[in-house]
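Visitor: This structure is in structure tokens; I'll ask about it shortly.
The values are calculated or read from the model by the stated rules, or taken from the named source; none is laboratory data. Given the structure is predicted, the values throughout are model-derived calculations rather than measurements. Backbone-built Cβ (ideal geometry, glycine too); neighbour counts: all protein chains shown. Surface areas here come from the heavy atoms of the whole protein model, side chains and all, with no ligands, DNA or RNA. Shrake-Rupley method; radii C 1.70, N 1.55, O 1.52, S 1.80 Å.
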Amino acid sequence: MSTGKTILVVEDRNSSLKLFQDLLDNKGYAVVPITDGSLVEDAVLRHRPDLIVMDIQLPGKSGLDIIPALKIHPDTRSIPILAVSAFTMESDVARIMASGPDAFMTKPFNILDFLKKVAELLASSDSVKKAV
Ligand code: MN
């Protein structure tokens, strides 16, 4: 069953990308996979996803540089971003949050928590769209 929602998943590690794709596909979300940070901004403008799941450590361009760029651009700033990273030191998490994502989860994550967060972020972007 399709939800009509598209989620851009930015993840360079194959096993993690496959897990994200399986989980989201199973819930009826269309997934656009991206494995190189330098391709994200073009892909977001092309696909207009409803949500972006964003790894931080990436080839090409870091999530710490991509997130602020998306949050400044008028065409992309309303798209919610869920940052995911294996960095768990407090200073790393603070740096990631300062880059401007809507939410953050550490890897590995609890699957139910991840899907709940995805649903919450999609619901919040729906309410923003309705308000506009
Ligand atoms: Mn990575």
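Visitor: Go through (1) more than 17 Å from E11 (Cβ to Cβ); (2) among the hydroxyl-bearing types (S, T, Y); (3) open to solvent by 30 Å² or more (accessible area, probe 1.4 Å) and name the single condition S38 misses.
Guide: Every condition holds for S38 apart from (1).
Visitor: So, of the residues in the range 5-33 that are among the small types (G, A, S) and over 15 Å from I111 (Cβ atoms), which turns out to be most open to solvent (accessible area, probe 1.4 Å)?
Guide: Taking the range 5-33 and keeping what is among the small types (G, A, S), we get 15-16, 28, 30.
Right, trim to over 15 Å from I111 (Cβ atoms) and you get 28, 30.
Details: G28: 11, A30: 51 Å².
Within the range 5-33, the match that is most open to solvent (accessible area, probe 1.4 Å) is A30.
Visitor: Inspect the range 85-97 for any residue being closer than 26 Å to D22 by Cα, away from the ligand (no atom under 15 Å from the Cβ), polar (S, T, N, Q) and surrounded by fewer than 13 Cβ atoms within 10 Å (Cβ to Cβ) and give the result as yes or no. I'd like the intermediate steps shown before the answer.
Guide: Let us first name the residues in the range 85-97 that are closer than 26 Å to D22 by Cα, namely 85-88, 96.
Pick out the ones that are also away from the ligand (no atom under 15 Å from the Cβ) and you get none.
No, that holds for no residue.
Visitor: While we're on this one: Which condition number does K61 fail, the rest of (1) open to solvent by 60 Å² or more (accessible area, probe 1.4 Å); (2) in contact (Cβ under 8 Å) with a residue 24 or more places away in the chain; (3) within 20 Å of G4 (Cβ to Cβ); (4) not polar (S, T, N, Q) being met?
Guide: (3)
Visitor: Assess whether T76 counts as being away from the ligand (no atom under 12 Å from the Cβ), within 21 Å of L122 (Cα to Cα), polar (S, T, N, Q) and modelled with pLDDT under 95. Please lay out each step first, then the result.
Guide: On the way: away from the ligand (no atom under 12 Å from the Cβ): yes; within 21 Å of L122 (Cα to Cα): yes; polar (S, T, N, Q): yes; modelled with pLDDT under 95: no.
Answer is no for this residue.
Visitor: Take the residues of the range 41-58 that are more than 19 Å from A123 (Cβ to Cβ) and more than 16 Å from the ligand (Cβ to nearest atom): which is most open to solvent (accessible area, probe 1.4 Å)?
Guide: R46
Visitor: For the range 109-126, check the following and say yes or no: at least one residue is open to solvent by less than 70 Å² (accessible area, probe 1.4 Å), modelled with pLDDT under 95, within 16 Å of the ligand (Cβ to nearest atom) and over 11 Å from the mean Cα position of the chain (by Cα).
Guide: Looking through the range 109-126, at least one residue is open to solvent by less than 70 Å² (accessible area, probe 1.4 Å), modelled with pLDDT under 95, within 16 Å of the ligand (Cβ to nearest atom) and over 11 Å from the mean Cα position of the chain (by Cα).
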